[in-house]
Amino acid sequence: MTMTVDTLAPEAPSAASDTPDVSPTSVEHVSPTEPPADDAAVVEAPAKEKPKKAPAKKTPAKKTKTLELTLTVTGTADGEWRTELKQGSTFLARNLAVAAAAVSRAAKELHEDLSTPIDGLIEEARAQQAAKVAALEAELEAARKVLAELD
């Protein structure tokens, strides 16, 4: 859109001019969506009114390419942890064994909301393994007594 504002003092009309006579009080309305009827159209603004600024153009938001990976970490009550990594429907890694301590460290690095429940599960598995070890030690001690009696 082009808008021209005549700020010169009005002069007496000249017969030799092919420019239309514009009185100082007349204002031609120029729509921002429509081109002016005459390419040489002149718009005269009243002295007190400031010309409106064009609204600032918003630049389109930069679209960031999203990379989606799915990391699945699976743990058992025996304390075994396995992972798999997928991108879309393609597996990048499958059935990788990882240590419980590594799972705990990784969760702490990512976010506290992840590490708290994972650490709780690891602690539960640790308690179950400790109970299993105690039961096996008791069974081993009983087997040693039986062996000693057979000598």
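The values are calculated or read from the model by the stated rules, or taken from the named source; none is laboratory data. The model shown is predicted, which means the values in this text are computed figures rather than measured ones. Ideal geometry is used to build each Cβ from the backbone, glycine not excepted, and the neighbour counts take in all protein chains shown.
Count, please, the residues in region 97-115 that happen to be surrounded by fewer than 11 Cβ atoms within 10 Å (Cβ to Cβ) and in contact with a strand residue (DSSP E or B) (Cβ under 9 Å, 6 or more places away or on another chain). So that I can check it myself, show each step before the final result.
Here is the first cut: in region 97-115, the residues surrounded by fewer than 11 Cβ atoms within 10 Å (Cβ to Cβ) are 97, 101, 109, 111-113.
Then keep just the ones that are in contact with a strand residue (DSSP E or B) (Cβ under 9 Å, 6 or more places away or on another chain); that gives 97.
Adding up the residues that qualify gives 1.
To keep it simple, each residue is scored yes or no on (1) within 33 Å of the chain's Cα centre (by Cα); (2) modelled with pLDDT of 70 or more; (3) of a type in the set (Lys, Arg); (4) exposed (fewer than 11 other Cβ atoms within 10 Å of the Cβ).
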site: Asp38; (1), (2), (3), (4): no, no, no, yes
site: Ala47; (1), (2), (3), (4): no, no, no, yes
site: Lys50; (1), (2), (3), (4): no, no, yes, yes
site: Lys86; (1), (2), (3), (4): yes, yes, yes, no
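Report every pair of residues separated by at least 6 positions or lying on different chains whose Cβ atoms are under 8 Å apart, first residue within region 91-111 and farther than 20 Å from Glu68 by Cα and in contact (Cβ under 8 Å) with a residue 24 or more places away in the chain, second among the small types (Gly, Ala, Ser) and in a strand (DSSP E or B).
Hits for this filter: Ala100/Gly75; Val103/Gly75.
Take the residues in region 116-130 that are surrounded by 12 or more Cβ atoms within 10 Å (Cβ to Cβ) and among the aliphatic types (A, V, I, L, M), then tell me which one is nearest to Ala100 (Cα to Cα).
Across region 116-130, the extreme among qualifying residues is Ile122.
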